[in-house]
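**Q** Below is one structure. I have some questions about it.
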Amino acid sequence: MIKIIVRNWRYDPVILSGSDKVSIEVKEKSEYFADVRISVKRGETLRLVLENVEPNVPHGFIIEGYTEPIVVPPGKTVEVEFVADKPGTFSFYCTVFCGTGHPLHRGTFVVI
Ligand SMILES: [Cu+2]
């Protein structure tokens, strides 16, 4: 299980369980940006807990090829679960226009 803190304009993932199957790499991080890579072993059932900590700004989330577009309202938490059954490198990104940093509100998901 991974908790992903969602804010302007970062996804900050934290591994809650399954650290032997999941890893997180932060390549770059600043106040309004993070270049994050989430890697998981193929076949794992992955639960993501997305918590939008912004009080006024909705954010979104999608992993291309894995999830439908998800809206995370301000101050709310949304969970999604899926089986990581397709190997490869996928983008995840914000699906709601959330301000000036929206185009950079993204990251990388890898199934090994
Ligand atoms: Cu966003």
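The values are calculated or read from the model by the stated rules, or taken from the named source; none is laboratory data. Note that this is a predicted model, so its numbers are computed, not measured. When we count neighbours, we look across all protein chains shown, and the Cβ atoms used for this are built from the backbone with ideal geometry, even at glycine. Areas reflect the complete protein model, heavy atoms only, side chains present, ligands, DNA and RNA absent. Shrake-Rupley method; radii C 1.70, N 1.55, O 1.52, S 1.80 Å.
**Q** Using the structure shown, select from K29/K76; K3/K27; K3/K29; K41/K86; K21/K86 the pairs with a Cα to Cα distance greater than 20 angstrom. Present the calculation step by step, with values, prior to reporting the outcome.
**A** Values: K29/K76 23 Å; K3/K27 18 Å; K3/K29 17 Å; K41/K86 10 Å; K21/K86 15 Å.
Over 20 Å Cα-Cα: K29/K76.
**Q** Could I have the simple spin-label model distance between F97 and E79, label points 7 Å from Cα toward Cβ, reported in nm to one decimal?
**A** Spacing of the two 7 Å Cα→Cβ label points: 3.3 nm.
**Q** Right, something else. Explain nothing, just the number: relative contact order of the range 52-94, from Cα pairs under 8 Å at least 6 residues apart, as a whole percent.
**A** On the way: 60 pairs, mean separation 19.1, N = 43.
Relative contact order comes out at 45 percent.
**Q** List the residues whose amide H sits under 5 Å from the amide H of K76, counting only those 5 or more places along or on another chain, with H placed 1.01 Å from N in the peptide plane.
**A** Under 5 Å from the amide H of K76: N52.
**Q** Ranked from the most accessible area to the least, with a 1.4 Å probe and all protein chains present, what is the order of Y66, Y11, Y32, Y93? Kindly include the intermediate steps, with their values, before the conclusion.
**A** Numbers: Y66 35, Y11 5, Y32 125, Y93 55 Å².
The residues order as Y32, Y93, Y66, Y11, largest area first.
**Q** Taking only C-alpha pairs under 8 Å that are 6+ residues apart, what is the relative contact order of the range 39-112 in percent?
**A** Values: 158 pairs, mean separation 28.2, N = 74.
Averaging sequence separation for qualifying contacts and normalising by length gives 38 percent for the range 39-112.
**Q** Run the simple label-point estimate for R37 and V14 please: 7 Å along Cα→C-beta, distance reported in nm.
**A** Rounded to a tenth, the inter-label distance reads 2.4 nm.
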